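Here the structure comes first, spelled out in structure tokens, and everything after it is commentary.
Laboratory data are not the source of any read-out in this text; all were calculated from the coordinates shown. As the structure is a prediction and not an experimental result, all values here were calculated from the model. Virtual Cβ from ideal backbone geometry, glycine too; neighbours counted across all protein chains shown.
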Amino acid sequence: MKLRYPAEAFALGIILFSAGMKEAFAAGILVIFTSVFAELLKNLLEKAVPAWSLQLCVYIASGSVCASAFLVGFAVLGTALTTELWIMVFLVGLLCARHALSGNTEAEYGELLWESAIAWGLWILLAIFREFMGTGSIFGNTLLTASFQSKAFQQTIFAFLAAGLVLAFTNGILKKDCKGMNSLFPAIPAFILFHPFTVESFGGLPGTLWIILVPVVLFLSVKQTLKFARTGKAFRGLPVDMLAAGFIYMILSIY
């Protein structure tokens with residue numbers, strides 16, 4: 001059975017916005033909005049324009065709408081998006097468009113909203129866990145400060161782990177898998193934005209390229225190995241790849 005919700009877009013969105021409940025709540029709504037917009041636009045233009053024009057229109061419009069919606073939405077929340085994050089949410093919009101153009105949704109808006117709502121709810125739960133364990137707060141309100149809490153829960157390691165777990169739990173509830181999804185699309189932008197280690201011996205462009213290249217190569221290697229792993233149906237593909245990326249970041253952050 002096809003996944004109706006855009007798993008790749010959700011994966012990147014969770015990596016970017018799962019450190020707190022407030023940002024997860026807003027980002028989830030905006031990803032779902034962009035997904036519906038992309039599917040609606042595709043269905044409206046499908047018979048009116050050539051295939052190449054349809055793809056171009058859906059990609060550009062979805063990316064622009066997503067980036068604009070995030071910019072306005074987070075401004076309302078009092079959180080300014082950096083230029084780097086703004087580019088990343090544009091990519092989230094492109095992933096929503098990719099999902100719509102793949103034909104997975106098939107104009108089943110009810111199923112799209114239902115599956116997306118499950119993923120969104122789990123996204124919020126994992127964000128609450130990360131926020132509380134990292135800062136002792138929920139929705140920006142401090143509830144408890146204890147010794148078991150750690151700022152490490154706010155790091156990229158747990159962003160990848162949260163993305164993998166949300167997708168796996170969603171697939172488990174829906175009894176589906178992420179067949180046909182490419183984990184490189186959410187992973188590589190995250191590798192470019194979040195660096196797991198720094199290089200002191202050489203800086204500038206060579207240092208930056210090295211910091212990005214190392215996790216990418218390791219991820220590709222692990223991804224290839226995982227093809228032969230006997231993972232459960234819900235974890236297969238995109239979810240387990242996101243979990244693997246989290247562990248790669250955990251190891252690299254030691255150095």
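Quick one: angle between helix 109-135 and the longest Cα principal axis of the chain, in degrees between 0 and 90, rounded to 10, please.
Helix 109-135 and the main axis of the chain meet at about 10 degrees.
In whole Hz, what ³J(HN,Hα) sequence does segment 178-186 give by Karplus (6.51, -1.76, 1.60; θ = phi - 60°), x for Gly and Pro?
In residue order, the calculated couplings are 9, 4, x, 8, 10, 5, 5, 5, x Hz.
Given R₀ = 30 Å, FRET efficiency for residue 252-residue 82 by Cβ-Cβ distance, to 0.05? Walk me through the numbers before you get to the answer.
Working: r = 23 Å, r/R0 = 0.76.
Working from the Cβ atoms, E equals 0.85.
If I take R0 = 25 Å and measure r between the Cβ atoms of residue 45 and residue 192 in this structure, what FRET efficiency does the formula 1/(1 + (r/R0)^6) give, to the nearest 0.05? Each step should come with its number before you reach the end.
Details: r = 31 Å, r/R0 = 1.25.
After rounding, the FRET efficiency stands at 0.20.
Arrange 230, 4 by Cβ neighbour counts within 10 Å, fewest through most, would you?
Values: 230 5, 4 23.
With the sparsest Cβ surroundings first, the list reads 230, 4.
Set the Förster distance to 30 Å, then compute FRET efficiency between residue 213 and residue 125 from the Cβ-Cβ distance, nearest 0.05.
On the way: r = 34 Å, r/R0 = 1.14.
Efficiency, from the Cβ-Cβ distance: 0.30.
Enumerate lysine pairs in the chain that are 8 or more residues apart or on different chains, then count those whose Cα atoms are under 15 Å apart.
Summing the qualifying lysine pairs gives 9.
Divide by every residue of the chain the summed helix terms, -39500 (n - 2.57) for each DSSP H run of at least 4, and state the resulting mean residue ellipticity at 222 nm, rounded to the nearest 500 deg cm²/dmol. Show your work: numbers first, answer last.
Details: 9 runs with 174 residues, N = 255.
When only DSSP H runs of four or more count, the value is -23500 deg cm²/dmol.
Within 10 Å of each residue's Cβ, count the other Cβ atoms and sort 205, 3 from fewest upward.
Working: 205 8, 3 27.
So the residues, fewest neighbours to most, are 205, 3.
I'd like the trypsin sites (Lys or Arg not before Pro) in segment 168-197 restricted to DSSP loop residues with at most 16 other Cβ atoms within 10 Å, sorted by number.
Those that pass, being in a loop and sparsely packed, are 175, 179.
Once you have the alpha carbon radius of gyration of segment 103-239, what is it after dividing by 2.2 N^0.38 Å, with N set to its residue count?
On the way: Rg = 17.9 Å, N = 137, 2.2 N^0.38 = 14.3 Å.
That ratio works out to 1.25.
In whole Hz and in residue order, list the ³J(HN,Hα) couplings for segment 25-34 that follow from phi through the Karplus curve 6.51 cos²θ - 1.76 cosθ + 1.60, θ = phi - 60°; x for Gly and Pro.
Coupling constants for segment 25-34: 4, 5, 5, x, 4, 6, 5, 5, 4, 5 Hz.
Normalised by the empirical 2.2 N^0.38 Å for globular proteins, what value does the Cα Rg of the chain take?
Values: Rg = 18.1 Å, N = 255, 2.2 N^0.38 = 18.1 Å.
Here the Cα radius of gyration is 1.00 times the empirical estimate.
Kindly write out, for segment 236-242 in residue order, the coupling ³J(HN,Hα) from the Karplus curve 6.51 cos²θ - 1.76 cosθ + 1.60 (θ = phi - 60°), rounded to whole Hz, with x marking Gly and Pro.
5, x, 4, x, 5, 5, 5
Residues with amide H under 5 Å of residue 138's amide H, sequence separation 5 or more or different chain, H placed in the peptide plane at 1.01 Å from N; which?
Counting only residues 5 or more places away or on other chains, the set is 143.
If you rank 181, 250 by fewest surrounding Cβ atoms within 10 Å, what's the result? Display every interim value, and only then the final one.
On the way: 181 24, 250 17.
Least crowded to most crowded, the residues run 250, 181.
If contacts are Cα pairs under 8 angstrom and at least 6 residues apart, what is the relative contact order of the chain in percent? Walk me through the numbers before you get to the answer.
Numbers: 365 pairs, mean separation 66.9, N = 255.
So the answer I get is 26 percent.
Exactly which GluC sites (Glu not before Pro) in segment 18-125 are in a DSSP loop and have at most 16 other Cβ atoms within 10 Å? The partial results should precede the final answer.
Working: sites: 23, 39, 46, 84, 106, 108, 111, 115; in loops: 46, 106, 108.
Those that pass, being in a loop and sparsely packed, are 46, 106, 108.
On a 0 to 90° scale, report how tilted helix 83-101 is relative to the longest principal axis of the chain, with both axes built from alpha carbons and the result rounded to the nearest 10.
Value to nearest ten degrees: 40.
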